[in-house]
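The values are calculated or read from the model by the stated rules, or taken from the named source; none is laboratory data. Model, not experiment: these values are computed from the prediction. A quick note on method: Cβ atoms are made from the backbone with ideal geometry, for glycine too, and the neighbour counts reach across all protein chains shown.
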Amino acid sequence: MKRKRKLEIAGLACMMPWMAFAQQIGPLAAPVRLFEDGKELFLRHDYAAAQQTLTHYLQQDTSAEFAEEAAYMLACTSYELNKPGRIRRLKAFVEQYPDSRYVNRVNALIGSAYFFDKNYPEAIMYFEKCNVRWLADGERDEVLLRLGTSYLKGGALKDAALWFSILKDVSREYRLDAVYHLAYIDYARERYDEALEGFRLAGESGKYAPYTPYYIADICLEKHDYQKAKRLADMYLEAYPRHEYALLMQRIGGEASYGMGRYAEAVKPLETYCGSPEGGKDREAQYALGMSYYQTGVYSKAVDALNKATGRPDALTQNAYLHSGLAYLQLKDRTRARMAFEQASAMTFDRNVQEQALYNYALCIHETSYSPFAESVTVFERFLNEFPNSAYAAKVNDYLVEVYMNTRSYQAALNSIAKISHPGDRILEAKQKLLFRIGILAFAQAAFENAIGYFTQSIDLGRYDRQTKADAYYWRGESKYRLEQYAQAASDYRLYLEYTPGRTGEEYALALYNLGYVAFKQKQYEQALTWFTRCSQAQVKDRRIVADVYNRMGDCHFHARRFAEASALYAQASAADPSLGDYSLFQEAFVKGLQRDYAGKIQTLNRLLTDYPASPYIDDALYEQGRAFVQQENNAGAIERYTVLLQRFPESPLSRKASNEIGLLYYQEDKYSEAIAAYKKVISDYPGSEEARLAQRDLKSIYIDLNRVDDYLSFVSTLPGGANFDVNERDSLTYVAAERVYMRGETEEAKASFTRYLQSFPQGAFSVNASYYLGLMAYNEKNYTEASAYLDKVLAYPDNKFSGEAMKLCAGIAYQEKEYGKALSLYVRIADRAASQEERVDALCRALECARLSENPEEILALASSLLSQSKLAPEVENEARYARAKACIGEGKTQEAVGDLTLLAKDTRNEYGAEAKYLLAQFYFDTGETEKAEKEVLDYIDASTPHAYWLARSFVLLSDIYMKMGRDVDAKQYLLSLKQNYQADDDIQEMIETRLERLENE
């Protein structure tokens, strides 16, 4: 490894003294006398006095007989006195007197002025404008020395050598200076023999005696004459212990000892040199010091020095990384060892070093299970491709099989196996497991169709591992269940039970549980009861599942009208998990009602209302309590319960029924005024609904009984079309005829008939029905504008029998047309009216999506929280809700409130929500100053890995920020370099990497 040390050697003999002597001038003399005096002072080098005298001369001599010569001398005095404007004054003379005999010397002075200002390019330009042969010998030699030095400073060694060679031949005074500089140029060109001769000759002068030994010693070092280099260094340090080159001689002595293998002896002088500002930047010296530490077993210091030796990509850096990795292995720090080997293995300067580094890199990955970007597979495969004849090849082949069996980089492993022409049983077993794991990954991301494909491929290779085959059947059944393919799901669950060797595990019990649900969904209650019963006898750890099993068993008995058994099981469910007790209590109360235990029903429902005030069954409980009071002939109690229901849940379908029941109860007690008021409220609050139709029928009967027909007709006349159920014969016949055409599937004729009906009876009793059918037909024809117009008319009567379906259609149209605000409000109404949890959850999910698309954080937070309050949510729905809520909180600057959701999501980084959440959680800790916690979170993420590489890459970048904040710049750089080599996506990550690497380089 060659080193060139360009020292400040130029110009040692170039500095001429700047002479300035002050002298007062007497009274003004005649102009010529002033000129003569000034010239005499100038020639005596009394430049300050000369400048004053000549200035006075030019002020008095208007003829300016000697103006050119005076101007020349004044320009020279400006140079000699080192005046700030000297260059400008000299250039002004040349411009004013371009043909003057003094121009040649003035150009030389301008070049010298630039030289002393260290503006070497300008100095060269003006030196070359003058003819040195026309200068006096002393000035000529100085210009030659300065010109050669200027070229040397600019790195133009060939030009510098030319002028120093001329100086050597013509100058006696500066001959040794020229020899010294020419020796340095030979040294820089690695012409060491010529350089040695020159340095020995120059060293005979006392002027260069303290300098030449350094170059001679360094040349000996470069020629591997370590003993001589060490001897010269020791002699120099004894003779010049405090000289400016003494520190450099410490380096030579240390590197010479290192070259001779005397590592302990090399440490002290290298420590001295490397501890200096200059030595701290000397990569070769740092490398020698690091290797000396390494060879003497001081590994902690070795890695520090070797890391400082890395920098630009070259063989030295490659070697430094290799031995840094080996030192880290000795320190049991496999993480840093892995990263060092990775960097060395990426370089091709020394193939032997690359081979050793790549092998060690692969081993570190294998032993630490590190594979965030599929390194566990690709590195072993890369080794076999790049070094097929390596002595390590056989071992690497064995390791690769182990990697296939244990990797988390499933797709990369499959791709690697696909390249093997004739895989053996161990490889095929690994493939079977990999396919299963990719299926699990697809399932976690709710890609159920893809999951089924992978599970099927794994099953086809099932002869290699029976448990994997059984598990693939189970999860394929789960995927089919999510797709509502219940019969196929049941078949796979049964196959799982047949193939699985273990009969006591959690999945075995869950298979029984799922078989129960498959039968239950298909209303095969006796078969469902059998499976749920077997599940209840298995080992289930999750209390929620245990409670749900008892509830479903109770439901099965309920459907078979075995009420006593059902009641007992509901009680068991409530005891198993009190958090799900609201459903159990509701069903238990319902059973008591069927058993005519109305007091028990009321009492049980009171427990539900008290213990579960946020339960989705509250409206059902209030309605059933009202019915129980009716059965007890306690009309006042019933009315009170129904009234509470109306006040708390006005949108509930049960409220419509309760409202009608109130009117009926008043009517039965002959409280006609109260009954009339109640029925009118039903008709006005729920226009178009079936309850409103019944209320109008009963209201009509009351008015007839009271002989107040005119009052009835007056009330009916105020009702809008669609809300009035009194119809005339023509209205009815016209509508019925159109409806029959529609039912026969004659769409075009039906469309025309419904249109004519609405034209004839715009406020007819069946206007809502006709509008719905016209809207539906337009929707099916994808004429969404027309469909929306008709369906909006249906929604004007939100409680008619078509309103639920009309809402769904209108919401779908609004979503498709990107009217997210309208779609959001409709989906919220659908959720409020939902009769089942499945419908409610589906509507809330759609509403949440609309809220996210319309960027409405308040609605996002409300809807996500509402979703998460539902019981038995599918994992993918729960993840989506938590993610939406967390992101909304972060967007509103309430990151602390998002931590709970982020923490739960981050437990599973297989899905995209968890992958991003893990990063966001670490970023939050970093932003709030919890640096160590942030580091732990990222390292845990790297260990867990994820198929969503972008967020893992962002976490690598964040880890570099963490380490820079901690002052661990070496670690920050290593992680960034590792990411740069392994992450290939075309996105903003590479820019993040380069920005931070540049910052580290500048620091």
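Got at least one residue in segment 183-190 being under 22 Å from TYR126 (Cα atoms) and of a type outside the set (Val, Ile, Thr)? Give the derivation first.
Start the filter on segment 183-190 by keeping residues that are under 22 Å from TYR126 (Cα atoms), which leaves none.
Taking every residue of segment 183-190 in turn, none turns out to be under 22 Å from TYR126 (Cα atoms) and of a type outside the set (Val, Ile, Thr).
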Test GLN457 against the stated conditions and say whether it is surrounded by fewer than 20 Cβ atoms within 10 Å (Cβ to Cβ), touching a residue at least 12 places away in the same chain (Cβ under 8 Å), out of contact with any strand residue (DSSP E or B) (no Cβ under 8 Å at 6 or more places or on another chain) and among the polar types (S, T, N, Q).
yes
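Going by what's in this entry, would ARG242 be described as surrounded by fewer than 23 Cβ atoms within 10 Å (Cβ to Cβ), out of contact with any strand residue (DSSP E or B) (no Cβ under 6 Å at 6 or more places or on another chain) and either among the polar types (S, T, N, Q) or not in a loop (DSSP other than H, G, I, E, B) (or both)?
On the way: surrounded by fewer than 23 Cβ atoms within 10 Å (Cβ to Cβ): yes; out of contact with any strand residue (DSSP E or B) (no Cβ under 6 Å at 6 or more places or on another chain): yes; either among the polar types (S, T, N, Q) or not in a loop (DSSP other than H, G, I, E, B) (or both): no.
Against the criterion (surrounded by fewer than 23 Cβ atoms within 10 Å (Cβ to Cβ), out of contact with any strand residue (DSSP E or B) (no Cβ under 6 Å at 6 or more places or on another chain) and either among the polar types (S, T, N, Q) or not in a loop (DSSP other than H, G, I, E, B) (or both)), ARG242 does not qualify.
For segment 827-839, give me each residue that is buried (at least 17 other Cβ atoms within 10 Å of the Cβ) and in contact (Cβ under 8 Å) with a residue 60 or more places away in the chain. Outline the logic, then answer.
Going through segment 827-839, the residues buried (at least 17 other Cβ atoms within 10 Å of the Cβ) turn out to be 827-831, 833-834.
Scanning segment 827-839 gives ARG829, ARG833.
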Applying the selection to segment 750-767, what residues are assigned to a helix (DSSP H, G or I) and surrounded by 13 or more Cβ atoms within 10 Å (Cβ to Cβ)?
ALA750, LYS751, ALA752, SER753, PHE754, THR755, ARG756, TYR757, LEU758, SER767
Within segment 450-488, how many residues turn out to be closer than 16 Å to ILE440 by Cα and part of a helix (DSSP H, G or I)?
26
Considering each residue of segment 817-848, count those that are closer than 22 Å to TYR779 by Cα, part of a helix (DSSP H, G or I) and under 31 Å from the mean Cα position of the chain (by Cα), and give that number.
6
Over 60 Å from the mean Cα position of the chain (by Cα), at negative phi, of a type in the set (S, T, N, Q) and not in a loop (DSSP other than H, G, I, E, B): is that true of SER165 in this structure?
yes
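Examine segment 418-435 for a residue that is in a helix (DSSP H, G or I) and within 29 Å of ALA528 (Cβ to Cβ), and state whether such a residue exists. Don't jump to the end; show me each part of the working.
First, pick out the residues of segment 418-435 that are in a helix (DSSP H, G or I): 418, 425-435.
This time we only want the ones that are within 29 Å of ALA528 (Cβ to Cβ), so: none.
The answer is no, given that none of the residues of segment 418-435 is in a helix (DSSP H, G or I) and within 29 Å of ALA528 (Cβ to Cβ).
Only residues that are of a type in the set (S, T, N, Q), part of a helix (DSSP H, G or I) and without any contact (Cβ under 8 Å) to a residue 12 or more places away in the chain: list them for segment 329-360, please. Walk me through how you get there before you give the answer.
Of segment 329-360, the ones of a type in the set (S, T, N, Q) are 330, 335, 343, 345, 348, 352, 354, 356, 360.
When the remaining residues are screened for being part of a helix (DSSP H, G or I), the result is 330, 335, 343, 345, 352, 354, 356, 360.
Result: ASN352, single match.
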Of residues in segment 921-942 being among the β-branched types (Val, Ile, Thr) and in a helix (DSSP H, G or I), the one farthest from TYR370 (Cα to Cα)
THR931
Within segment 797-826, restricting to residues that are closer than 21 Å to LEU758 by Cβ and surrounded by fewer than 19 Cβ atoms within 10 Å (Cβ to Cβ), the one that is modelled with the highest pLDDT is GLU805
Of the numbered conditions (1) over 26 Å from ARG382 (Cα atoms); (2) surrounded by fewer than 23 Cβ atoms within 10 Å (Cβ to Cβ); (3) within 12 Å of the chain's Cα centre (by Cα), ASP969 fails exactly one; give the number of that condition.
(3)
Within segment 771-787, is even one residue crowded, with 19+ Cβ neighbours inside 10 Å and either modelled with pLDDT under 85 or on the phi > 0 side of the Ramachandran plot (or both)?
no
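Here's the yes/no breakdown for (1) within 31 Å of the chain's Cα centre (by Cα); (2) hydrophobic (A, V, I, L, M, F, W, C):
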| residue | (1), (2) |
| --- | --- |
| GLU355 | no, no |
| LEU363 | yes, yes |
| SER369 | yes, no |
| SER376 | yes, no |
| VAL379 | yes, yes |
| PHE387 | no, yes |
| ASN406 | yes, no |
| GLU429 | no, no |
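Okay, residues lined up against (1) under 28 Å from ARG189 (Cα atoms); (2) modelled with pLDDT of 95 or more; (3) crowded, with 20+ Cβ neighbours inside 10 Å:
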site	(1), (2), (3)
ARG86	no, no, yes
SER100	no, no, no
LEU109	no, yes, yes
ASN131	no, no, no
ALA136	no, no, no
GLU139	no, no, no
ARG146	yes, yes, yes
SER150	yes, yes, yes
Cβ-Cβ under 6 Å pairs, at least 6 apart or on other chains, segment 461-480 side touching a residue at least 12 places away in the same chain (Cβ under 8 Å), far side among the basic types (Lys, Arg) and outside any loop (DSSP other than H, G, I, E, B):
GLY462/LYS469; THR468/LYS433
Determine, yes or no, whether ALA575 is of a type in the set (A, V, I, L, M, F, W, C), at pLDDT below 90 and within 26 Å of SER865 (Cα to Cα).
no
Which one of TYR666, TYR686, TYR679 is over 30 Å from ASP792 (Cβ atoms), modelled with pLDDT under 90 and of a type outside the set (Asp, Glu)?
TYR666
Considering only residues that are hydrophobic (A, V, I, L, M, F, W, C) and crowded, with 21+ Cβ neighbours inside 10 Å, which ones fall in segment 655-701?
ALA658, ILE662, LEU665, ALA675, ILE676, ALA678, VAL682, ILE683, ALA692, ALA695, LEU699
Which residues, taken from segment 453-499, are more than 20 Å from GLN432 (Cα to Cα), among the aromatic types (Phe, Trp, Tyr) and over 37 Å from the mean Cα position of the chain (by Cα)?
TYR486
Based on this model, can you work out whether ALA843 counts as surrounded by 21 or more Cβ atoms within 10 Å (Cβ to Cβ), touching a Leu at 6+ places or on another chain (Cβ under 6 Å) and under 30 Å from LEU645 (Cβ atoms)?
no
If I go through segment 188-201 residue by residue, how many of them are in contact (Cβ under 8 Å) with a residue 60 or more places away in the chain and either surrounded by 23 or more Cβ atoms within 10 Å (Cβ to Cβ) or not acidic (Asp, Glu) (or both)?
1
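Examine segment 79-90 for a residue that is among the hydroxyl-bearing types (Ser, Thr, Tyr) and either within 24 Å of ARG33 (Cβ to Cβ) or in contact (Cβ under 8 Å) with a residue 60 or more places away in the chain (or both), and state whether such a residue exists. If you could, list the steps in order and put the result at the bottom.
Here is the first cut: in segment 79-90, the ones among the hydroxyl-bearing types (Ser, Thr, Tyr) are 79.
Next, from what is left, pick out any that are either within 24 Å of ARG33 (Cβ to Cβ) or in contact (Cβ under 8 Å) with a residue 60 or more places away in the chain (or both): none.
There is no residue in segment 79-90 that is among the hydroxyl-bearing types (Ser, Thr, Tyr) and either within 24 Å of ARG33 (Cβ to Cβ) or in contact (Cβ under 8 Å) with a residue 60 or more places away in the chain (or both).
Just checking, how many residues over segment 383-414 are without any contact (Cβ under 8 Å) to a residue 24 or more places away in the chain and either assigned to a helix (DSSP H, G or I) or touching a Phe, Trp or Tyr at 6+ places or on another chain (Cβ under 7 Å) (or both)? Lay out the reasoning, then the answer.
Residues of segment 383-414 without any contact (Cβ under 8 Å) to a residue 24 or more places away in the chain: 384-385, 388-389, 391, 393-395, 397-398, 400.
Still in the list and also either assigned to a helix (DSSP H, G or I) or touching a Phe, Trp or Tyr at 6+ places or on another chain (Cβ under 7 Å) (or both): 384-385, 393-395, 397-398, 400.
Total meeting the criteria: 8.
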Could you please give the count of residues in segment 562-588 that are in contact with a Phe, Trp or Tyr (Cβ under 8 Å, 6 or more places away or on another chain) and either over 18 Å from GLU624 (Cβ atoms) or outside any helix (DSSP H, G or I) (or both)?
4
Filtering segment 885-937 down to residues that are surrounded by 23 or more Cβ atoms within 10 Å (Cβ to Cβ) and more than 17 Å from the chain's Cα centre (by Cα) yields ARG885, ALA888, ALA898, ASP901
Tally of residues being more than 11 Å from TYR474 (Cα to Cα), touching a Lys or Arg at 6+ places or on another chain (Cβ under 8 Å) and not hydroxyl-bearing (Ser, Thr, Tyr) across segment 497-518
3
